[in-house]
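Input: a single structure, listed below in structure tokens.
The values are calculated or read from the model by the stated rules, or taken from the named source; none is laboratory data. The shown structure was predicted, so the numbers you read here are calculated from the model rather than taken from an experiment. Note that we place each Cβ from the backbone using ideal geometry, even for glycine, and neighbour counts take in every protein chain shown. Just the protein is used for accessible areas: all its heavy atoms, side chains included, with ligands, DNA and RNA removed. Shrake-Rupley method; radii C 1.70, N 1.55, O 1.52, S 1.80 Å.
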Amino acid sequence: MLTPKELCARLMHADSASEVVEALEGNGYWNDPRAWRFFDDNENNFPTIGNQQSDPIAALIEKLVNSVDARLMGACGEAGIDPDSDLAPRTIREAVAQFFEGMVPPISPDAGHASEWTDRKSTSEGLQLTLAATGYMPDEGDPSLSIADSGEGQEPDKFPDTFLSVGRKNKLRVPFVQGKYNMGGTGALLFCCPESPDGSGLQLIVSRRNPALRRSSSPRGSEWGFTVVRREAPPPGSRSSVFSYLAPIDVQDGRDGGVLSFEADQWPIFPMVQNETRAAYGRGSEYGTLVKLYEYRFPGTRSNIILSGSGLLRRVETGLPEMALPIRLFECREGYRGRISGSFTANAMGLATRLDRDKAEKLESGFPIHGLIRVQGQTVRL
């Protein structure tokens, strides 16, 4: 039987539903209903989760937006500012300018544009929010996608109220984030292992709270928590399936346990490229969150996610035309070979930024002319 730390590592390196099921069966969890807690503590959660998204790319982008929000929230907390207070930035751009560009309020509306950053700064910040592809090659199946961020992170005992909840008011009064409705990026679950006979809807969550933001006195408050989300067949008497998550700790009265956790000063949630080696989980972090979507089915899977014109890099930039913070993409599937530089890792900056940079290479110096116009209280950047 694996320790929690060993089990977490094995689940991180698993890239198929069968590997996940095998690991959980080996620890006696997969077939034990008491080890699984209903998502949002709601046995009838499928009507809500199952109707979130019909587009896998849009569902994936929701996950990326959550990671951007986590970075902004974490930076705000590190600055000693309550995100709900009047001292917090009023817009996403103000938050970027204040926490990532070092500006002091009041901040002008045209500040806080990551598109104006140098490539070096973009890469430096992008390494703190990454998206990596692992697992199956295009002719074998669907890849697994891992999203990692050095954001606020969550304590193990807070998972049920954050990652594994729907419709709570966690960020409703925070003005500088995009995610407001606490859907938890649940739309992506429908595209994880969608046709697997072993288990569908499989997602791994690993997280540790930023020590600067930690408030709990619980011994588990400083540990890394982790869980697996799955889709279960309809229970007796029900016509719809239900989403649940692994929570085998201190079960009292049925499906009411806590998620697994372990101690570690650092945990390798980030990808790393070194020499000719690409490791999806090669760089450690003291805190943050990793979300892994197993066998994620989306259009454009038949290509290197970086190079193809219809690949994931372009789709992410189209879905997030003006990105608050850059995201660093990594192609870590072993079947791809070639030069590392430019072939297997790149920054996603947003379609608007890419178009601006493409124009800059083709226009004379001084063009185009940028400016701001304000119409009925709304600011438009030209």
(message) Between Arg173 and Ala264, what is the label-point separation in nm under the 7 Å Cα-to-beta-carbon projection?
(response) 3.6 nm
(request) Return the FRET efficiency for the residue pair His13, Asp250: r is the Cβ-Cβ distance, R0 is 41 Å, and the value is rounded to the nearest 0.05. (result) 0.90
(request) Could you tell me what fraction of 2.2 N^0.38 Å the Cα radius of gyration of the range 1-50 comes to, as a two-decimal ratio? (result) 1.34
(request) Place the peptides 247-258, 143-154, 15-26 in order of packing, highest mean first, counting for every residue the other Cβ atoms within 10 Å and averaging per peptide. (result) 143-154, 15-26, 247-258
(message) To check my understanding: the extent here is largest minus smallest coordinate of the Cα atoms along each principal axis. What are those three numbers for the range 158-239, in Å, largest first?
(response) 43, 31, 24
(request) With a/c under 1.5 counting as rounded, go ahead and sort the range 251-299 into rounded, prolate or oblate using the C-alpha gyration tensor (a ≥ b ≥ c being the square roots of the eigenvalues; past the cut-off, prolate if a/b is larger than b/c, else oblate). (result) oblate
(message) So, for the chain, what is the accessible surface per residue at a probe of 1.4 Å, expressed in square angstrom?
(response) 46 Å²
(request) Before anything else, pin down the relative contact order of the chain: Cα pairs under 8 Å, at least 6 apart, normalised by residue count, whole percent. (result) 22 percent
(request) Please report the Cα spread of the range 227-338 along all three principal axes, rounded to whole Å, starting with the longest. (result) 53, 40, 32
(message) Just to verify a number: FRET efficiency for Glu78 and Asp139, C-beta to C-beta distance, R0 = 35 Å, to 0.05?
(response) 0.20
(request) Take the solvent-accessible surface of the protein heavy atoms, probe 1.4 Å, and return the percent of it on the chain that carbon and sulfur atoms account for. (result) 48 percent
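Among residues other than Ala348 whose Cβ falls under 11 Å from its Cβ, what is the net charge (Lys/Arg +1, Asp/Glu -1)?
+3
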(message) What does the net charge come to around Thr123 if you take all other residues with beta carbon closer than 14 Å to its beta carbon, with K and R at +1 and D and E at -1?
(response) +2
(request) Using only the Cα atoms of the chain, construct the convex hull and provide its projected area averaged over every direction, in square nanometres to one decimal. (result) 20.7 nm²
(message) Just to compare against my own numbers: the Cα pair-distance distribution for the range 1-96, 5 Å bins, whole % per bin, please.
(response) 2, 10, 12, 11, 14, 17, 15, 10, 6, 3, 0
(request) Could you point to the residue in Gln128, Asn31, Ser241 farthest towards the positive end of the chain's charge dipole, with +1 and -1 charges on the Cβ of Lys/Arg and Asp/Glu respectively? (result) Gln128
(request) Anything in the chain that counts as a DSSP H helix reaching 15 Å or more along its axis (C-alpha) with Kyte-Doolittle mean of at least -1.0? List them, would you? (result) 56-78
(request) Lys and Arg at +1, Asp and Glu at -1: add these up for the other residues within a Cβ distance under 9 Å of Arg220 and post the number. (result) -3
(request) Could you sort 79-89, 343-353 so that the peptide with the highest average Cβ count within 10 Å comes first and the rest follow in order? (result) 343-353, 79-89
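Quick check: residue separation of Glu43 and Asp86 times 0.36 nm, minus the Cα distance between them. What number comes out in nm?
Contour length minus the Cα-Cα distance gives 11.7 nm.
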